Amino acid sequence: MNQFLSQRLAPILSKNKMETTKLLSNLLELTHQMKQEAIAFQKLPDSLLFTRPQPSSWSIIECIEHLNRYGYFYIPELTIKISTSKYTTPSPIFKSGYLGNYFAKSMLPKTKLNKMKTFKSMNPSHSVLNRDVLAVFIQQQDSLIALLEQAQTVNLNQTKTAISISKWIKLRLGDTLKIVVFHNLRHMVQAQNIIQSQA
């Protein structure tokens, strides 16, 4: 995942402005990759999936459940905003907004993952979880792949979406897509790190 990360995110990270087709292509490839990794997680034993590397950290299954909870908000939000957008002439260039770019970059995994405050409703700790969590995540990635493909037909700059932390904040569709994919990537890297630590 880390090698894939450096190869695919370099063009996104280096610019706040880039070709729309290239942005969506990068996000699609990352999402396909994360779907395949989740499928691979289904073959892991319970002892690896459900065990926390440290008492205060999340297990692999908790990392994925955390992503699912955000997916329950963002998949419907993106579906509605893309399907009802009035801006059906795609812009050849996507330019991040200041706030959207800040949020997206803050989600990216770093060499040493920085801790971020998690809303109580999004915190999977002490939840009763099972392997269905992985199936839900895979299904959400299929939905996200379809949405990224549909996003090619609307203007990513002019179409706006709500975000999970506040109904009052509206971000450009392109930034919201980046935030969702980068957030998924962040916790998939976290899950991969757990696997590597147990190898």
Task: Translational diffusion coefficient (Stokes-Einstein; Kirkwood radius from C-alpha pairs) of the chain at 10 °C, 1.306 mPa s, in µm²/s - done: 92 µm²/s
Open item on the list: Please arrange 31, 21 by how many other C-beta atoms lie within 10 Å of their C-beta, fewest to most.
Closed with: 21, 31
Open item on the list: Exceeding 25 Å between C-alpha atoms, which entries from my cross-link table qualify? They are 35/170; 95/167; 22/105.
Closed with: 35/170
Task: R0 of 25 Å, Cβ-Cβ distance residue 98-residue 77: FRET efficiency to nearest 0.05 - done: 0.75
Task: Extension gain (nm, one decimal) between residue 169 and residue 21, 0.36 nm per residue minus Cα-Cα - done: 50.7 nm
Open item on the list: Just to be sure I understand the model, the point goes 7 Å from the Cα along the line to the Cβ. What's the resulting residue 143 to residue 48 distance in nm?
Closed with: 2.8 nm
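Values quoted throughout were computed directly from the atomic coordinates according to the rules given, and no laboratory measurement underlies them. Computed from a prediction, not measured in an experiment: that's the story for all the values here. When we count neighbours, we look across all protein chains shown, and the Cβ atoms used for this are built from the backbone with ideal geometry, even at glycine.
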